[in-house]
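Below is one structure; the comments refer to it alone.
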Amino acid sequence: MAMSDAPAEPPDRCEIAVVGGGIAGLSTALFLARAGRDVVLLDKGSPWGDSSGANAGTLSLQVKRTEMFEMGSTSIGLWAAFGTEMGIDVGFHQPGGLRVAESDEQIAFLREYGAEQEAVGFEFEWLEGNQLHDLAPWLGPEVRAATFCAADGYASPLIAGPSLIAGARKAGVRVISNAEVTGARTAKGGYRLSIGRRSLECEYLAIAAGGHSTKIAASLGVRLPLWVDCNMLTVTEPAPRIMDKVVTHIGGIMSLKQHVNGTVLIGGGWQGRGKFSRQTREIDPLAWVQNVGLGARIAPDLKTLRVNRAWAGYEAVTIDALPLLGRLPGLENAYVAAGARGGFHMGPGQGLVLSQLILEGETGLDISRFDPARFPQ
């Protein structure tokens, strides 16, 4: 999903440079601009053309580790606020979500994970047997138990991208495409970014460029340990209402949701083929059949639908699946937001954190577990 962009050239100077036009970068830039700051957002291609634009859009607290609950809950609130408070339609819906289990082993894991969630104040409802199938009669007979979270929902990447770009511009962000930052160095009063044959000087630097963040940070002498997954996604033809909840799997291998236009999106992190270093990504046919087959087992009505499209998208993650979020070690006024598992969900919260750090020097969210300095330099 690519968006055309103007102006074509970056300025020579700005107060705050945000690198990366996905959900984390756009959120950071939007919140800063709404606070009256001078912000330039730079993207190596077209904003929303990489990970965020190729995402399933699931917003599920149930699938998050307990360390991510505060960030996850804050982010869902911000996804809602884009529309209700900022007039930015991101295709947000909150029908609630089911996290399903099929086998005895999966049910035991679901109970164990639920106990961990309850210990930190997470609220959900346990469902099984007739109670479960009365709530969701479209589930297959293999589904024996589930937890239900009313906070779970989704946003539409197809709608959110153009809307957030337009909203950022309206707030005053200078959004610039085809402006690849190939390096950065400290300069008097801030940083100097290399952008092709041009350079841009800024007082503050926020890096939110997914897998590309490593190269930019490395030019500043900071190691960000990231690798990049190549997740597959499938969308069906429009159909009458099949399901009315977001569905995830306790095995961490599936997500299902039906959009208001009737299409069903099947995801869940099944890996395609590709190399991020070469910018290649494609479907793995065997894994794709398994992904779609699991979806059809969980929601059998999917068997009647034709596939409109399948594709693969990147997701940069850390070895501990927690984000790199906060100040770059050893540097002043330089920050990063990258590497979160489920980064689409977490993007608005990460943008809020970076904007607060830049505006106020601190944030109200506990980000101590996400310190980029936790990995050896």
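Assorted remarks:
- In segment 115-130, the residues that are outside any loop (DSSP other than H, G, I, E, B) and surrounded by 13 or more Cβ atoms within 10 Å (Cβ to Cβ): Q117, E125, W126, L127, E128
- Residues of segment 172-224 that are part of a helix (DSSP H, G or I) and over 18 Å from P10 (Cα atoms): G210, G211, H212, S213, T214, K215, A217, A218, S219.
- The single condition from (1) hydroxyl-bearing (S, T, Y); (2) at pLDDT 95 or above; (3) touching a Cys at 6+ places or on another chain (Cβ under 9 Å) that S355 fails is (3).
To keep it simple, each residue is scored yes or no on (1) touching a helix residue (DSSP H, G or I) at 6+ places or on another chain (Cβ under 9 Å); (2) within 21 Å of D320 (Cα to Cα); (3) in a helix (DSSP H, G or I).
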site: E332; (1), (2), (3): no, no, no
site: A337; (1), (2), (3): yes, yes, no
site: R341; (1), (2), (3): yes, yes, no
site: M346; (1), (2), (3): yes, yes, yes
site: Q350; (1), (2), (3): yes, yes, yes
site: Q356; (1), (2), (3): yes, no, yes
site: G364; (1), (2), (3): yes, no, no
site: P376; (1), (2), (3): no, yes, no
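- Here is the figure for segment 266-291: residues that are farther than 16 Å from W138 by Cα, in contact (Cβ under 8 Å) with a residue 12 or more places away in the chain, of a type outside the set (G, A, S) and not in a helix (DSSP H, G or I) total 7.
- When T84 is tested against (1) without any contact (Cβ under 8 Å) to a residue 60 or more places away in the chain; (2) of a type in the set (S, T, Y); (3) crowded, with 24+ Cβ neighbours inside 10 Å, only condition (3) is not met.
- Residue in segment 181-191 that is in contact with a Gly (Cβ under 8 Å, 6 or more places away or on another chain) and over 30 Å from F122 (Cβ atoms) present: yes
- Test: G140 is among the small types (G, A, S), part of a loop (DSSP other than H, G, I, E, B) and at positive phi: no
- Of everything in segment 34-71 that is buried (at least 24 other Cβ atoms within 10 Å of the Cβ) and assigned to a helix (DSSP H, G or I), the residue that is farthest from the chain's Cα centre (by Cα) is M71.
For (1) free of Cβ contacts under 8 Å to residues at least 40 places away in the same chain; (2) more than 17 Å from the chain's Cα centre (by Cα); (3) not in a loop (DSSP other than H, G, I, E, B), each residue gets a yes or a no:
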{"position": "R241", "(1), (2), (3)": "yes, yes, no"}
{"position": "G293", "(1), (2), (3)": "yes, yes, yes"}
{"position": "D301", "(1), (2), (3)": "no, yes, yes"}
{"position": "A310", "(1), (2), (3)": "no, yes, yes"}
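- Matching entry among V143, V175 (being crowded, with 19+ Cβ neighbours inside 10 Å, among the β-branched types (V, I, T) and in the same structural domain as K257 (by TED's automatic domain parsing)): V143
- Output for segment 87-114, where each listed residue is surrounded by 21 or more Cβ atoms within 10 Å (Cβ to Cβ) and under 30 Å from G53 (Cα atoms): I88, V90, F92, G97, L98, R99, V100, A101
- Candidate set: segment 247-294, residues that are over 18 Å from L305 (Cα atoms) and hydrophobic (A, V, I, L, M, F, W, C); chosen: the one surrounded by the fewest Cβ atoms within 10 Å (Cβ to Cβ): L286
The values are calculated or read from the model by the stated rules, or taken from the named source; none is laboratory data. Note that the coordinates shown come from a computational prediction; the quantities given were computed from them, not determined experimentally. Cβ sites come from the backbone with ideal geometry, for glycine too, and all protein chains shown count toward neighbours.
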